[in-house]
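The numbers here are math on the coordinates, done by the rules we state, and not lab data. On a predicted model such as this, the values are computed, not experimentally measured, just so you know. Because the Cβ atoms are built from the backbone with ideal geometry, glycine has one as well, and the counts that use them run over all protein chains shown.
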Amino acid sequence: MRTLLTVILALGFSISTWAQTALAFNKYWVQFKDKNNSPYSLSNPQSFLSERALARRTAYNIALTNQDLPVSPVYVQGIQNTGAIVLYSSKWLNGVVVQVSDSVQLQAIDGLPFVSEKKAVALSRRKNNQIKNLMSPNNTRISVVLQNEEKQRAWGGDVYYGTAFNQINMLNGDHLHAFGYQGEGMLVAVLDAGFDNVDNNPAFETLRNEGRLLGGRDFTDGDSYVYEGSSHGSNVLSIMAAEIPGTFVGSAPKAQYYLIRTEYAASETLIEEYNWVAGAELADSLGVDVINSSLGYTTFDFEQMNHTYEDLDGDKTVCTRGADIAAAKGILVVISAGNSGEQPWHHISAPSDADSILTIGATDSLGIHAGFSGYGPSADGRVKPNIVGQGEMTAYVNTSGNTTAGNGTSYSSPLLAGLVTCLWQADRSKNNMEIIQAVERSASQYDNPDDAMGYGLPDFHVAMADLGVYIDKIESNPNRSFLYPNPFNTELNVYYYATANTNVSIQLLDTSGKILQAQQQYVTEGTPYRFLLDAWQNYPKGIYLVKIIDGDNQQLLQAIKMAD
């Protein structure tokens, strides 16, 4: 990535050097001192925040602050008067990103009384054609076509989810969906490097036709067309939003989505962190509930911009500060941990060190830590990653509409982001941090977190119970029990809510009343339970009965096995 840049790396950032080199820095961050001379007021927030954004603040008692006010348009005009082009502004950081054509403009900006500093963040795109590979760790794309011959359009198991079944089922995300939570009414922003062919890909046809693809913004090119630049964002989006029952169904297939391009895939410069913050600000103003970003920053094409591990303390890097501000505005921010686990960097990347977000590491299909996944802790010693999901051989839909698999925390992050979105849908009375805490408490090693997997693999069945969603759903069922998936193929779950301290028996019967399987367990009053009935290989497809006996009470539920 840096082979053609050694000259400019040695020369540094001075204006005189800038004017002499062919690879010129021409984009700068300009920091303002204050927000004076502005027509915006906290008494009229409708002029800069959507009704949905304001509703989020009201719902979770989040006060408006000076940070919410846009930058002063008077200051923006002052910058423009120097001849510089203002690419965009950041109200959270209080400044603008500008493009300049010569050192005279830079000197004029320096002389403005409301400017406190400026920083070179990017150069013109006259650069080598090497493209960053965001698909998988170690710059090696791993992609194989997965076969899925079962095309039945039935709810339940791999028949419904297709190749996505394992990665969702290992987190009990399918149980979350079975309770009716698939992301309806939730708005997710995806910050990524580009979304090739999302506007035509058949995997997103339902998303488009139902009007749940709400638009996009490109901070790298300065327009609203995001369906170019990289396939990375398209793949990431498919893990959440693709919906082809029987072939592939994502982790939040009924949510609404807004696509934001912040990453320029052909280079790595500091401007991308400012793009990221601007994208998060836009997401906030739109009223987004969840942000997923499978992007991370450690070192750049210019050594002067590089971070150190010590910088990842939750406060220092630009994008980390932006992620925490987004969380403070009530957004649930989900970030990939990065793929440096087997590289010299080894650790997580910014902004995954932010302290109020979910940082996602990667496992293989069995839940074992993937070596490439970035290690914690944060530089100040906090547990990172927070949780993990399948990121090795993760199923997704490529830009041609074919089911494929690849490696990277880029893929475990949207998997979790989608399921967290569905969990939050189940209980909107909880704020973003309460949802994060419930997910962490459900995880496999919550009592003994480590630097590889954090709190471990979350269990969304347990998280629902933690929030009370599971109990409320069962209590509303007059039988206090139900089956999922039903119809089913190879596994049948029996959900049961105990109303007394007693022994309960779960029996599987054929239609003649013959007992095929039986389980017994002592249950505690007021506690939800899940019993698994498997070993179906000896039973033909057809109708079966599940009898639940607890004391003097009996329930009889019908189950349908679909395949031999």
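Remarks
- Under the Karplus curve 6.51 cos²θ - 1.76 cosθ + 1.60, θ = phi - 60°, whole-Hz ³J(HN,Hα) for segment 224-239, x wherever Gly or Pro sits: 10, 9, 10, 8, 7, x, 5, 8, 4, x, 5, 5, 4, 4, 4, 5
- Given in Å, the Rg to one decimal and the Dmax to the nearest whole number for the Cα atoms of segment 169-469 are 17.1, 51.
- Using all pairs of distinct alpha-carbon atoms, the Kirkwood hydrodynamic radius of segment 478-561 works out to 13.0 angstrom.
- Convex hull volume of segment 417-545 per residue (C-alpha atoms, cubic angstrom): 152
- The charge dipole of the chain, taken about the Cα centre with unit charges on the Cβ atoms of Lys, Arg (+1) and Asp, Glu (-1), comes to about 840 debye, rounded to the nearest 20.
- The fewest-to-most ranking of Y160, Y75 by surrounding Cβ atoms within 10 Å reads Y160, Y75.
- Candidates G330, S444, G246 compared by Cα position along the dipole of segment 169-469: farthest toward the positive end lies G246, with charges placed on Cβ.
- P(r) weight above 37 Å for the chain, C-alpha pairs, percent: 35
- Centre separation in Å (Cα based) which lies between segment 334-407 and segment 286-324: 15
- Out-of-range pairs (alpha-carbon distance over 22 Å; input K118/K329; K33/K119; K254/K541; K514/K547): K118/K329; K254/K541
- Residue-by-residue Karplus 3J(HN,Hα) for segment 96-108, coefficients 6.51, -1.76, 1.60, Hz, glycine and proline x: 9, 9, 10, 10, 10, 10, 7, 6, 4, 5, 4, 5, 5
- In segment 175-233, the C-alpha radius of gyration followed by the widest Cα-Cα span (Dmax) gives 13.4, 42 angstrom.
- Applying 1/(1 + (r/R0)^6) with R0 = 30 Å to the Cβ-Cβ distance of T527 and N61 gives a FRET efficiency near 0.40.
- Kirkwood's formula applied to the C-alpha pairs of segment 182-336 gives a hydrodynamic radius of 15.8 angstrom.
- Calculated SAXS-style log₁₀ I(q)/I(0) at q = 0.23 Å⁻¹ - segment 369-408, Debye, Cα scatterers: -0.77
- Looking at segment 66-123, the pairs of alpha carbons with a distance over 17 Å make up 32% of the total.
- Rounded to 5, the percent of DSSP beta bridges in segment 169-469 classed as antiparallel: 30
- Zero-based 5 Å bins, Cα pair distances in segment 165-263, whole percents: 3, 14, 24, 24, 18, 10, 5, 2, 0
- Built amide H within the under 5 Å cut-off of L87, gap 5+: V97, V98, Q99
- Karplus-based coupling profile of segment 320-326, in residue order and whole Hz: 5, 4, x, 5, 5, 5, 4, with θ = phi - 60° in 6.51 cos²θ - 1.76 cosθ + 1.60 and x standing for Gly or Pro.
- Average Cα contact separation per residue, the chain, under 8 Å, 6 or more apart, as relative contact order %: 13
- Ordered by the count of other Cβ atoms within 10 Å of each Cβ, fewest first, H177, H307, H346 give H346, H307, H177.
- Helical contribution to [θ] at 222 nm, DSSP H n ≥ 4, -39,500 (n - 2.57), averaged over the chain, rounded to 500: -7000 deg cm²/dmol
- Here segment 298-449 is described by how far its Cα atoms reach on the three principal axes: 45, 37, 34 Å, from widest to narrowest.
- Database remark: amide H of Q390 closer than 5 angstrom to the amide H of T363 (H placed geometrically; neighbours at sequence offset of 5 or more, or on other chains; Pro and chain starts carry no H).
- Considering only beta bridges that DSSP places wholly inside the chain, some 70 percent are antiparallel.
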